[in-house]
Amino acid sequence: MIFNSIRWRVQAWHGLILVVVLSGFGVTTYKFAEDNQIRSIDQELERQSEDLLRPRPEDGPPPGPPPDPSQFRDRARRLVEGGAVAGGAVYFVLWQRDGRLLAHSPGTPPDVPVPGLQGGGRGPRDAWEGRTRGDVREVLRRAPEGDTLLAGRSIVEDRAAMRRLALWFVAAGAGILLLGLAGGSWLASRAIRPIDEISATAQRIAAGDLSQRIDVADTESELGRLAAVLNSTFARLEAAFLQQARFTADASHELRTPVAVILSQTQSTLAREREAPEYREALEACQRAAQRMRKLTEALLELARLDAGQEPMQQERFDLGRVVRECAELVRPLATECGVVIDCNLAATECLGDSRHISQLATNLVSNAIHHNRPGGQVHLSTHREGDSAILTVADTGYGIEAEHIPHIFERFYRVDSSRSGGPGHSGLGLAICKAIAEAHGGAISVSSQPGSGSSFRVRLAAAPKV
Ligand code: ADP
């Protein structure tokens, strides 16, 4: 719906503000001009009336104080009737105090009201007063002897000029409004364009093309920054989808092998009658394949639950040193079998977390250190506290990991060299599970390795607060 679009709303508000500002400005200016015009008409009328009242040389020498009112009245009547000052356009009327008409100039409209009604019925004051009656403007004031003098003229032409001014204002206002709207529309479309681009890209991504990115031209603007954030989100999304796809492919590939073993064993065994030992042998092979599948599915399930945050994690206080010692005891027979010595330097390190999962993490690391070691090699286990962290280090004297593999070592199904990776039981999920467990505890795992002389895995967990 067009009325819901941001662009339309910005335009509408912009237009409304422009109309309010322009009409406010126009009306005020028009009022000001109108008042000015009336004031200048009044001044003109007052000036002409003052001229009329001012004594002239032809009136003879001024009578001197006290002024002779009758002299003024005679002169005024003469001048008013002659319209001498008016020059035709202005008319004058002279009334006596009691409202009797004394004189009026030619061209005076017939219906000029008696000024006694002015000023609330008290008659005109000494100052000039103005009034508008239809198409005429009049000013009046008290003259000597309590007479009242009125001067007036038609304002038809002035009104026409004001109408022309009003029309001009309307035309100019409409022009400015149109220009403003056009400018506003251009600005709004410029400002909105990146949003259109963002939504178009998001739509293409939603349609399945995860490689799409927003073209960020102006990285400093707010929308540019938003686009940059969205681009990095899209990149992470794409990486996550790719990883997911690879994970599914790897998982099915891993599962296919034991399934193939079971199928081929059963098919070849059932092809003809066999002796009991042969059946036993085939069943044992099937059992090994099934165990491998079970290990794999359990690892996958655990990873999925850790990913989804569904794996229940206890928040218990436990001694990391004790947990690691138990793991070491658990795998010691394997170490003896491989000719590897486990050497412990396990300080009591109080830790917060789920001891069962941490035990699984430690067991994975120690088993790896044994598996990827050399006969007569060593595994060093140590725990200690570092500030707010509890640190577990599992170091071995094995063949180490080449630098190119280090960034991938914690990826799922990543195996450095399958010939050295412990054979079929090792699917490359052990370190991925270690990483997921460490991260689920708010910790981290890292590795440093010297190819040919050994590797050292370091796990950082939250230490329990000291009591
Ligand atoms: P797996 O469960 O197959 O052992 P991991 O995820 O535990 O898989 O390990 C991934 C890869 O990392 C292994 O294939 C191995 O090559 C390498 N690796 C792990 N631990 C060590 C180690 N201590 N020394 C050398 N290589 C190691």
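Here are a few things to note about the model shown:
- Averaged over its residues, the range 271-405 has an accessible area of 54 Å² per residue, based on protein heavy atoms and a 1.4 Å probe.
- For residue 238 and residue 304, a Förster radius of 25 Å and the Cβ-Cβ distance give a FRET efficiency of 0.75, rounded to the nearest 0.05.
- Gyration tensor (Cα) of the chain, equivalent ellipsoid semi-axes in angstrom: 113, 27, 17
- Principal axis dimensions, largest first and in whole angstrom, of the range 174-331 by Cα: 105, 52, 22
- For the range 125-177 versus the range 300-348, the gap between their alpha-carbon centres in whole angstrom: 102
- Charge-dipole axis of the chain as Lys and Arg at +1 and Asp and Glu at -1 on Cβ define it, positive-most pick from 211, 306, 132: 132
- Percent accessible area from carbon and sulfur atoms, the chain, protein chains only, probe 1.4 Å: 58
- Taking θ as phi - 60° and the Karplus parameters 6.51, -1.76 and 1.60, the scalar couplings of the range 370-385 work out to 6, 4, 9, 9, 10, x, x, x, 10, 10, 9, 10, 9, 10, 7, 9 Hz in sequence order, x denoting glycine and proline.
- Share, in percent, of DSSP beta bridges within the chain that are antiparallel, nearest 5: 90
- In a reduced charge model with +1 at each Lys and Arg Cβ and -1 at each Asp and Glu Cβ, the range 170-328 shows a dipole moment near 120 debye about its Cα centre.
- Helix axis angle, 320-338 relative to the chain longest principal axis, alpha carbon, degrees: 40
- The chain: calculated mean residue ellipticity at 222 nm from DSSP helix runs of at least 4, using -39500 (n - 2.57): -18500 deg cm²/dmol
- For the range 252-304, the list of GluC sites (Glu not before Pro) that fall in a loop by DSSP and count at most 12 other C-beta atoms within 10 angstrom reads 273, 275.
- Extension gain from residue 23 to residue 164, taking 0.36 nm per residue of separation minus the Cα-Cα distance: 49.1 nm
- Two-site FRET efficiency, residue 39 against residue 98, from Cβ-Cβ distance with R₀ of 30 Å, rounded to 0.05: 0.40
- Summarising the label geometry, the points placed 7 Å from Cα in the beta-carbon direction at residue 283 and residue 111 lie 13.0 nm from one another.
- Loop sites in the range 243-334: trypsin sites (Lys or Arg not before Pro), DSSP, at most 16 other Cβ within 10 Å: 272, 274
- Extension gain for residue 268-residue 226 works out to 8.9 nm (0.36 nm per residue, less the C-alpha to C-alpha distance).
- Phi angles across the range 26-37 convert, under the Karplus curve 6.51 cos²θ - 1.76 cosθ + 1.60 with θ = phi - 60°, into 3J(HN,Hα) values of x, 5, 4, 5, 4, 4, 4, 5, 5, 4, 4, 5 Hz, Gly and Pro given as x.
- Net charge contributed by nearby residues that have their C-beta within less than 14 Å of residue 30 (K/R +1, D/E -1): +1
- In a simple Cβ point-charge model (Lys, Arg +1; Asp, Glu -1; nothing else charged), the chain has a dipole of about 680 debye relative to its Cα centre.
- Relative to the Cα centre, the charge distribution of the range 262-371, modelled as +1 at Lys and Arg Cβ and -1 at Asp and Glu Cβ, gives a dipole magnitude of about 200 debye.
The values are calculated or read from the model by the stated rules, or taken from the named source; none is laboratory data. Being a predicted model, the structure only gives us computed values, none of them experimental. FYI the Cβ positions are ideal-geometry reconstructions off the backbone, even for glycines, and counts take in every protein chain you see. Surface areas here come from the heavy atoms of the whole protein model, side chains and all, with no ligands, DNA or RNA. Shrake-Rupley method; radii C 1.70, N 1.55, O 1.52, S 1.80 Å.
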